[in-house]
Amino acid sequence: MGKKPFRFGIVTASGNSSRSAWIALARRAEELGYATLHLPDSTPTAALTSMAVAATATTTLRVGSFVFVNDYRNPALLAREIATLDQLSERLLYRFVEPFRQDAVLIPNPSLGVAEQVPMQKAIWLLVRPWEDLKAEEQLDLSALCQASPELCALHDLAQSFGHLLRKREGQRLDDWMKQVKESHFRHIKRFSAGLQRDYEEVMAGLTLPQSNGVVEGKVNKLKLIKRMGYGRASFPLLRQRVLHAL
């Protein structure tokens, strides 16, 4: 294994400094021999914009951020901005990330569309809910998502098929559904299907028989709640009375 040279970097923030002060800081870091310049994504100024200014003002300094705060970022737009910054800075951002990965890194550049209008959590909710339970505008969003992405369309079909056989207790269709999952390329769904296969008899019983242990599980959870409410403060007689009166 070849030896890798030591590299040093700094973590700083542009803050409210002027453009000239920020450029001077980036150039000074490069002159001192630092290899990377990191910016947190929680500063008053935009991290990507500050990274772009630092990249254009230097020649070898690599820019980056440890973590991007996706709570107020759209992942597709973030990927597009990163890809643009990487391209315009002559791949300074890519050359920083590449040594930490074994495979080649291909930063996606998705096209803008419905994906930027529908949040991820809402998209997941649309995929799993029955079509007839969706509002008119939600049906339009789901149709646009499926039209924009064939993978989402295939995932929607699998989710709806499993939800239907679960709600209607059509366990006889489970084998066909698992075969469809096996032929797909969704590895997380395949892992879920493998878990169903391991407990096949129990799963089949739950999907075909009207009996359920839900009431028993509910009583057990109630008992645990009552016990934990009096933990360390009550004896068994009081626990017994509370359980009997709760029933």
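With the requirement that a residue be over 16 Å from L127 (Cβ atoms) and basic (K, R), what does segment 154-186 give you? Residues satisfying the conditions are K168, R169, R173, K179, K182. Among the residues of segment 14-24, are any modelled with pLDDT of 85 or more, basic (K, R) and either within 28 Å of V118 (Cα to Cα) or not in a strand (DSSP E or B) (or both)? No; the residues of segment 14-24 include none that is modelled with pLDDT of 85 or more, basic (K, R) and either within 28 Å of V118 (Cα to Cα) or not in a strand (DSSP E or B) (or both). Can you confirm whether segment 188-203 contains a residue that is at pLDDT below 95, within 26 Å of the chain's Cα centre (by Cα), charged (D, E, K, R) and surrounded by 12 or more Cβ atoms within 10 Å (Cβ to Cβ)? There is at least one residue in segment 188-203 that is at pLDDT below 95, within 26 Å of the chain's Cα centre (by Cα), charged (D, E, K, R) and surrounded by 12 or more Cβ atoms within 10 Å (Cβ to Cβ).
This table checks each residue for (1) part of a helix (DSSP H, G or I); (2) polar (S, T, N, Q); (3) in contact (Cβ under 8 Å) with a residue 12 or more places away in the chain; (4) surrounded by fewer than 16 Cβ atoms within 10 Å (Cβ to Cβ).
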{"site": "K122", "(1), (2), (3), (4)": "yes, no, yes, yes"}
{"site": "L127", "(1), (2), (3), (4)": "yes, no, yes, no"}
{"site": "L140", "(1), (2), (3), (4)": "yes, no, no, yes"}
{"site": "L152", "(1), (2), (3), (4)": "yes, no, yes, no"}
{"site": "L155", "(1), (2), (3), (4)": "yes, no, yes, no"}
{"site": "G163", "(1), (2), (3), (4)": "yes, no, yes, yes"}
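Against the numbered list (1) at negative phi; (2) at pLDDT 75 or above, G33 comes up short only at (1).
The values are calculated or read from the model by the stated rules, or taken from the named source; none is laboratory data. Please read these numbers as outputs of a predicted model, since none were measured by experiment. Because the Cβ atoms are built from the backbone with ideal geometry, glycine has one as well, and the counts that use them run over all protein chains shown.
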